[in-house]
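Notes to accompany the following structure.
No lab work stands behind these numbers, since they all come straight from the coordinates. All values reported here derive from a predicted model rather than from experimental measurement. Positions of Cβ are backbone-derived with ideal geometry, glycine not excepted, and every protein chain shown enters the neighbour counts.
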Amino acid sequence: MPFGSYIRDLRECRHSDDRSYSLRQVAQRVGIEPAYLSKIEREVASPPSEATIRRIADDLGENPDLLLAMAGKVSKDLQEIIIRRAPLFADLLRNLREAPDHAVLRIVREVRDGDW
């Protein structure tokens, strides 16, 4: 699903339970114009900056890394990590492309827990 459509669906789903998720109110909390948010949701405007995507994610209760990925972006902190070891991360990601989620999760846990 395209970024803007996903944002719209997520906001409208929240709005059905809580009227504070109107387009105007979300835009106000995020710090952008309602017209701009409308253009993003309708795919008329390109996805916004990382900072704005993070504020949208926070307001809508969504994972910011997911929204950034859907917008075709990578967070600044991840860019720095990847750049430092670009060949290794490229190889890792390509090898994980077809791996099942449980296998990826196992690798994440091993790295996080320091089980080398």
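Which of (1) under 19 Å from Ser46 (Cβ atoms); (2) surrounded by fewer than 13 Cβ atoms within 10 Å (Cβ to Cβ) does Leu67 not meet, given it meets every other one?
(2)
Quick check on segment 24-35: of everything there that is free of Cβ contacts under 8 Å to residues at least 24 places away in the same chain and either part of a loop (DSSP other than H, G, I, E, B) or touching a Lys or Arg at 6+ places or on another chain (Cβ under 7 Å) (or both), which residue is surrounded by the fewest Cβ atoms within 10 Å (Cβ to Cβ)?
Per the stated criteria, the residue is Glu33.
Hey, among Ile107, Ile82, Ile53, which residue is surrounded by 16 or more Cβ atoms within 10 Å (Cβ to Cβ) and not charged (D, E, K, R)?
Result of the check over Ile107, Ile82, Ile53: Ile53.
Return a yes/no flag: does segment 32-41 have any residue that is in contact with a helix residue (DSSP H, G or I) (Cβ under 6 Å, 6 or more places away or on another chain) and among the basic types (Lys, Arg).
Looking for residues that are in contact with a helix residue (DSSP H, G or I) (Cβ under 6 Å, 6 or more places away or on another chain) and among the basic types (Lys, Arg), one finds none in segment 32-41, hence no.
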